[in-house]
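Participant: First the structure, then my questions, so here it is.
Values quoted throughout were computed directly from the atomic coordinates according to the rules given, and no laboratory measurement underlies them. All values derive from a computational prediction rather than experimental measurement.
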Amino acid sequence: MSKKGVIQQTPERRTDMHFDEVDNTILFNTVQDVTAVLEENKRRMNVYGDKLTMGKRGEWHHAASIPVTIWERWMKETNGAIEKDMKLLARYVNDPDFKYFKVAPTTL
């Protein structure tokens, strides 16, 4: 027999808990509607302009917006290393599979 309950819920994100009484395990499942994040990323990418536009080629600029559930997955996959290792973060953000998280056409 399995019991299920909602642990946390916001308009964009929900975390459910599933308790399996047979093997006494608990599973947490988090889902997020990333439509708003992706639409805003697309809008920012479209208005970004040329890579060499003055003010956009400096050392710091907004390069990506990553949904929380994806960031949590990356943190788990890398045991938290992605938070401290900029090269590892750049590898993830520059991966073509995650191109919709970028808000600028630049490569990190």
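Participant: Based on the Cα coordinates of the stretch 34-108, what is the per residue volume of their convex hull in Å³?
Facilitator: 87 Å³
Participant: For the stretch 34-108: lysine pairs with Cα atoms under 25 Å, gap of 8 or more or different chains, count?
Facilitator: 20
Participant: How far is the Cα center of the stretch 62-108 from the Cα center of the stretch 28-46, in Å?
Facilitator: Distance between centres, Cα-based: 14 Å.
Participant: From the phi of every residue in the stretch 72-83, what ³J(HN,Hα) in whole Hz does the Karplus formula 6.51 cos²θ - 1.76 cosθ + 1.60 yield, where θ is phi - 60° and glycine or proline is x?
Facilitator: 3J(HN,Hα) across the stretch 72-83, in whole Hz: 4, 5, 5, 4, 5, 4, 9, 6, x, 5, 4, 6.
Participant: Next question. Give, in nm to one decimal, the length gained when the segment between LYS42 and GLU83 is fully stretched (0.36 nm per residue of separation minus the Cα-Cα distance). Walk me through the numbers on the way to the answer.
Facilitator: On the way: separation 41, 0.36 × 41 = 14.76 nm, distance 2.44 nm.
Separation in residues times 0.36 nm, less the Cα-Cα distance, equals 12.3 nm.
Participant: Hey, another quick one. Which number do you get for Rg(Cα) / (2.2 N^0.38 Å) in the stretch 11-51? Working shown, then result.
Facilitator: Details: Rg = 18.4 Å, N = 41, 2.2 N^0.38 = 9.0 Å.
Taking the Cα Rg and dividing by 2.2 N^0.38 Å, one obtains 2.04.
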